1. Taking 7 Å along the Cα-to-C-beta vector as the label spot, tell me the A:Lys45-A:Leu17 distance in nanometres, rounded to one decimal.
2. How far apart, in nm, are the 7 Å Cα→Cβ label points at B:Arg247 and B:Leu204?
3. Determine the gain in length on full extension of the stretch B:Ala57-B:Val323; use 0.36 nm per residue of separation and subtract their C-alpha separation, reporting nm with one decimal.
4. Counting GluC sites (Glu not before Pro) as exposed when in a DSSP loop with at most 16 other beta carbons within 10 Å, what is the longest stretch of chain A free of them?
5. If the chain between B:Ile240 and B:Arg211 were fully stretched, how many nm would it gain, using 0.36 nm times the residue separation less the Cα-Cα distance?
6. Share of chain A's accessible area from carbon and sulfur, percent, 1.4 Å?
7. Leaving out ligands, DNA and RNA, and with a 1.4 Å probe, what % of the accessible surface on the stretch B:178-305 is carbon or sulfur?
8. If I model a spin label at A:Ala91 and A:Arg112 as a point 7 Å from the Cα along the Cα→Cβ vector, what separation in nanometres do I get?
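The values are calculated or read from the model by the stated rules, or taken from the named source; none is laboratory data. Just so we're clear, the structure is a prediction, and the values are computed from it rather than from any experiment. Neighbour counts are summed over all protein chains in view; Cβ atoms, including those assigned to glycine, are modelled from backbone coordinates with ideal geometry. We work out accessible area using only protein heavy atoms, side chains counted, and drop any ligands, DNA or RNA first. Shrake-Rupley method; radii C 1.70, N 1.55, O 1.52, S 1.80 Å.
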Amino acid sequence: MATIDKPALPDGAFDNLRLELRRGALVLAVLARLRTEHYGYALRKALTEQGMDIDENTLYPLLRRLETQGLLDSEWREEDRRPKRFYRLSADGRAVLARLLEQWADLDASLRRITTEDPR
Amino acid sequence: MTLIDRYLRAVRDHLPREQQDDIINELSDSLHSRFEDEEAAKGRPLLEDEEVALLRAYGHPMAVAARYRGDERSVTFGRRLIGPELFPIYMKVLAVNVGITVLIGIIALVAGAQIWPGFAGIIVPLALQFGFVTAIFVIIDRRWIGDPDGWDPRTVTAMGPDVDVSTFDGIAVQLLGKEHTRTVSIATSILEIGVIAVVLTVALQIGRPERIGFMEPGPGWRDVFVPAIAVLVFAFVTPIVNLIRPRWTRFRVASHAAVDIGVIAIGIVSLMLGSWVVLAPGATATAEELSVMVAINTVTRISVAATVVLTGITAALEIRRFVRMRPG
């Protein structure tokens, strides 16, 4: 089985690069998942189950930022005897998500070409 | 109060006021849901150590709150020195220090004292303050905020008043500050370090000048200077110890009482020695200058006497507080 050598980077440098790479993808994943309504904790679990692990300290501030930008709507409702804040994609959010998904597809196609072409 | 409640109260203190309720309600639901999931997986209630581990994994309250502030400013020099969690407090402490130092410098200049040789004299204490405060915050960032094991959800504290006070205790709170019965908050220790650092720097800057115009320091100043610096250094050590050992609340109270007793002793000796400024040997002074010297000594005598009386009251309150605090 092929192994990948650990990159020779200072401590934490690789993590920073990985976080930069994930940042945009997380926004896309959150918007896409909120085509159906979720509250924060359930959303995190749903994302984790689909391979997109995200901690609460990243997710909740991100949800607030997206709501401030008008991409999400939210409302407080009681469920399981506790108040929970439910989020869902707004009309603007749907339009933005569609455009971002197109961008993502273009990026993905470009990266595939760049990373698979013969480097000669 | 459950560990979650304690944790959320600590987070709340560092959130923007207008969003506190909203964010805390959401975090509360998230933490309770997580605890319930863990309990369901284990088939039993969580042990305290397991709750502590979950909260530690969630992050230091200041780190959690910082994510909501959206303020990513930090101090970096190749690597992170002071992160966004502490940066706003760091700036506040620096502002307090700079403000006090500049104010003292301006008063000294306006009063025409020779103690500060021109405006440039302010720059050295400012540089010292900057170095002091920055070094302390770098240590705190590395030791507590950045290290998941560097804090304990069982001892993390909210800064809001949570102690029932009687009228007499109310007076004590006004004079001495909030009673820290369980732990001394990081913010309290930081503020004390900042203020004492300013006082210590200014005292060392002023020192014991050989001559101030036609005057020189008298015995009431000269002979108590070294003991006064020793008391200040001792007072400076106390909040540093409490940063490392926030649960040493009795030590804090005992240390404050000891500092008060030191201040009273120095004040009484200074009053007995008498003059704080005297005519320099070989100097001549006009009648007007001599009256200025007398006025300085009179004002200083009244100030020192008032300080001794007030410190006596605070010492009595600190000793009473120490006696009432149960060990441990």
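1. 3.6
2. Between B:Arg247 and B:Leu204, the simple spin-label model gives 3.3 nm.
3. Working: separation 266, 0.36 × 266 = 95.76 nm, distance 3.80 nm.
That pair, B:Ala57 and B:Val323, stretches by 92.0 nm at full extension.
4. Numbers: sites that count: A:Glu37, A:Glu117.
Longest stretch, sites excluded: A:38-116.
5. Values: separation 29, 0.36 × 29 = 10.44 nm, distance 3.54 nm.
Length difference between fully extended and current span is 6.9 nm.
6. Details: 4410 of 8420 Å².
Accessible surface attributable to carbon and sulfur in chain A totals 52 percent.
7. Details: 4280 of 6180 Å².
About 69 percent, which is the carbon plus sulfur part of the accessible surface.
8. Each label point is offset 7 Å from its Cα along the Cβ direction, giving 3.5 nm.
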